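Encoded as structure tokens, the structure appears first; notes follow it.
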Amino acid sequence: EHTQRRVEASLPFQMTAAQHRCTSQIIADLCAERSMHRLLQGDVGCGKTAVAACAMFAVALHGEQAVLLVPSALVAEQHARTLGVWAAVLGLDVVALTAATKGARRRDVLARLESGEGGVVVGTQALLQPQVCFKRLGLVVVDEQHRFGVAQRALLGSKGRRQHAQPDLLVMTATPIPRSLALSLYGDLDVSCIDELPPGRAPVSTRWLQHGDLGELDDELRRVAVAGERAFVVVPRIDDSEAG
């Protein structure tokens, strides 16, 4: 409880009741004897990253390492910058590793991970490479869990595992999943749901369009841009890529 208060107080904003509740559930799992397997679900903008940050900071403060696995280098860089600012308040460092991490910088990062100096780590599939080793990996957080398979999560979890158990696992998704379906898809995972948006945060509108609706998409994007808002277009992958 003391650790939770400390990590929540380090954030530059007050957590919502839903974020606090989910953080409490995760912290309780981290303190349990069995390894955690938990799904954190919530709409875009609900603050899943802040909850995951509290969990990672709590693990790092207790001398273990925590990893955040994300689907792209751009997302990794964004998270590393944000988490780095938050972690500095607690005296923690954030280490980033992607396919773009090269040369002396890469060697330095790998050495820090193996020595345990890197307590909070953000990276892409580059973290799954054989050269990456951890001294005492306590928590694996997987963002956009549908982008990574069971084998990939298991591979990361096997790196520098703790003496008596696999690292705790927290997977996050913004895909709305009814609880009954979540239990069917992720029967081995406990489920936490952030069902509240931070104050002033407008709900996100999500639409599914087919190829023939591209003209309508252009109009909608133009309207959103003129209003000073943001829009994201998500499309299926066209070509295979090894970039991480």
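The values are calculated or read from the model by the stated rules, or taken from the named source; none is laboratory data. Quick caveat: nothing in here was measured; it's all calculated off a predicted structure. No Cβ is skipped: glycine too gets one built from the backbone with ideal geometry, and neighbour counts run over all protein chains shown. Ligands, DNA and RNA are excluded from the accessible area calculation, which covers all protein heavy atoms including side chains. Shrake-Rupley method; radii C 1.70, N 1.55, O 1.52, S 1.80 Å.
Nonpolar atom fraction for the stretch 47-122, defined as the carbon and sulfur part of the 1.4 Å probe accessible area, stands at 54 percent. What's the local net charge at residue 100, with K and R +1, D and E -1, over the other residues with C-beta under 12 Å away? It works out to a net charge of +2.
Amide H to amide H, with H built 1.01 Å from N, residue 122 comes under 5 Å of 68, 95, 96, 97, counting only residues 5 or more places away or on other chains.
A prolate overall shape is assigned to the stretch 18-71, the ratio a/c of its alpha-carbon gyration tensor axes (a ≥ b ≥ c) being 1.5 or greater and a/b exceeding b/c. Label positions at residue 85 and residue 214, each projected 7 Å from the Cα along the C-beta direction, are separated by 3.7 nm. In sequence order, the stretch 128-140 has phi-based couplings of 8, 5, x, 6, 8, 10, 10, 7, 8, 7, x, 8, 10 Hz under the Karplus curve 6.51 cos²θ - 1.76 cosθ + 1.60, θ = phi - 60°, and Gly or Pro positions carry x.
Scoring 64-71, 105-112, 25-32, 218-225 by mean Cβ neighbours within 10 Å over their residues and listing the highest first yields 64-71, 25-32, 105-112, 218-225. Shape of the stretch 39-156 from its Cα gyration tensor (a ≥ b ≥ c, root eigenvalues): rounded if a/c is under 1.5, otherwise prolate when a/b > b/c, or oblate? Note, shape of the stretch 39-156 comes out rounded. Rounded to the nearest whole Hz, the Karplus-based 3J(HN,Hα) values (6.51 cos²θ - 1.76 cosθ + 1.60, θ = phi - 60°) of the stretch 32-37 follow the sequence 6, 6, 7, 5, 6, 9, with x at glycine and proline.
The mean accessible area for residues of the stretch 1-124, using a 1.4 Å probe and ignoring ligands and nucleic acids, is 43 Å² per residue.
Label-to-label distance, residue 224 versus residue 75, with points set 7 angstrom from Cα along the beta-carbon direction: 1.7 nm.
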